[in-house]
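So the structure is just underneath, and the comments pick up after that.
Nothing in this text is a laboratory measurement; each read-out follows from the coordinates by a stated rule. Since we're looking at a predicted model, the values are computed, not measured. Backbone-built Cβ (ideal geometry, glycine too); neighbour counts: all protein chains shown.
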Amino acid sequence: MQPKKNIMHLPVYQPGKPMEEVKRELGLSEVIKLASNENPFGCSPKAKEAIVSMVDQVSIYPDGGAVELTQAVAAHFDVEPNQIIFGAGSDEVILMLARAFFVPGDETIAASPTFPQYKHNAEIEGATFIEVPVDEQGAHDLDAMLAKVNEKTKIVWICNPNNPTGTMLTEAQIKSFMEKVPSHVLVVLDEAYAEYNVTDQYPDGFKLMKQYKNVILLRTFSKIFGMASLRIGYGIGHPDVIRSINQVREPFNTTSFAQKAALAALADTAFIDSCREANAKGIRQLTAKFDELGLPYFEAHGNFIMVDVKRSGAVVFQALLRKGIIIRHDAGWGYPTKIRVTVGSEEQNNKFLRALEEVLSEVAVS
Ligand SMILES: *Cc1c(COP(=O)(O)O)cnc(C)c1O
């Protein structure tokens, strides 16, 4: 038995330790997870009711086309239903894009560091993944990315705001990029954190998409909508692009529970507004303390902040873990002294900041 060569080097995804296990091993009564950009306020109560209402339908296959939800999202954003595709999280839309578009030898371009699934799926399909370092501010270097585009380029991935740095590209920046990028290149705007935006600079992806056939937006119900466990996200783009993705989609890729919950969540704008507001407040709370502690951070436009703790991120991660706080650090980011922390509730943020201050006094500056 021989699996294909281009997957041999891929690591198996290592999930974070379950919170209950962390509690038991470290003898902690409380663990706060600020590691996966989950919504600290859960999901809309209307989404919960929708899930409960579906319980007797467990034995029935879902609507593979997610017709009702597609119509609702189309109306919400004023696009046509044939411009929308749902996936088991936007992760699956990324997978389907790679499956539909890449053949071995194709090239694809993204920032570094950025969301890891672009690279993962490109490599599975045998495409060459070209990484362009972000700039000093942690932002995409669009000119350098453009310089890598050639006739072999199939997809450019733009993560906005960028996970893990948190930085945002403005409408003017994306527009100028789109004017220069050749039309044979599909530009994926991953907007997983779009709903957290509180600036007037965030690109209107829908306007761009109407102007350029080669733009596709990715959105998700996992982040501000607080439904990460249900696995539902979507792509919005030109009908031809959406059709290609639909051709590789598994027939029942999203569940009835996810579809019904998403439908209810989409309508609960009050919940989203309150989460957006709390998040902006949380960013101010965290950055005020980082300023006081003299820790530099990238401008945060999602529900997470990348901060330079001026000490080994791995050591700070372990020290915080012993105090019951889980954050992220990653050797692969190329930032050995930076950590990424999800914005929690005010109380969670306070507990994190208190623990961080203790850790900083225990761990030597590197
Ligand atoms: C979380 C995230 C996603 C995907 O989340 P799903 O749960 O698969 O919808 C996609 N892109 C970015 C940048 C993310 O941070």
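Quote the relative contact order of segment 45-268 in percent (integer), defining contacts as alpha-carbon pairs under 8 Å separated by 6+ residues. Normalised by residue count, the contact order of segment 45-268 is 30 percent. Rounded if a/c is under 1.5, else prolate if a/b beats b/c, else oblate: with a ≥ b ≥ c from the C-alpha gyration tensor eigenvalues square-rooted, which is segment 27-140? Taking the square roots of the gyration eigenvalues as a ≥ b ≥ c, segment 27-140 is oblate. Amide H contacts under 5 Å for T128: G105, D106, E107, T108, restricted to partners 5 or more places along the chain or on a different chain, H placed in the peptide plane at 1.01 Å from N. The mean sequence distance of close C-alpha pairs (under 8 Å, at least 6 residues apart), as a share of the length of segment 236-316, puts its relative contact order at 15 percent.
Bridge orientation summary for segment 45-268: considering DSSP beta bridges with both residues in this region, about 30 percent are antiparallel. Counting every pair of alpha carbons in segment 131-254, the share spaced more than 16 Å apart comes to 65 percent.
The Cβ shell under 10 Å around K207 holds other residues with a net charge of 0, Lys and Arg each +1, Asp and Glu each -1.
Counting only DSSP H runs of at least 4 residues, each contributing -39500 (n - 2.57), and dividing by the residue count of the chain, the helix-based mean residue ellipticity at 222 nm comes to -12000 deg cm²/dmol. Spatially, segment 19-45 and segment 148-193 are offset by 33 Å when compared through their Cα centroids. By the beta-carbon count within 10 Å of each Cβ, the least crowded to most crowded order of S274, S361, S44, fewest first, is S361, S274, S44.
Result for the chain in a Gaussian network model with C-alpha springs under 10 Å: among H76, H184, H238, the largest mean-square fluctuation is at H76. For the residue pairs K48/K213; K119/K310; K17/K223; K148/K213, the C-alpha atoms sit more than 32 angstrom apart in K48/K213.
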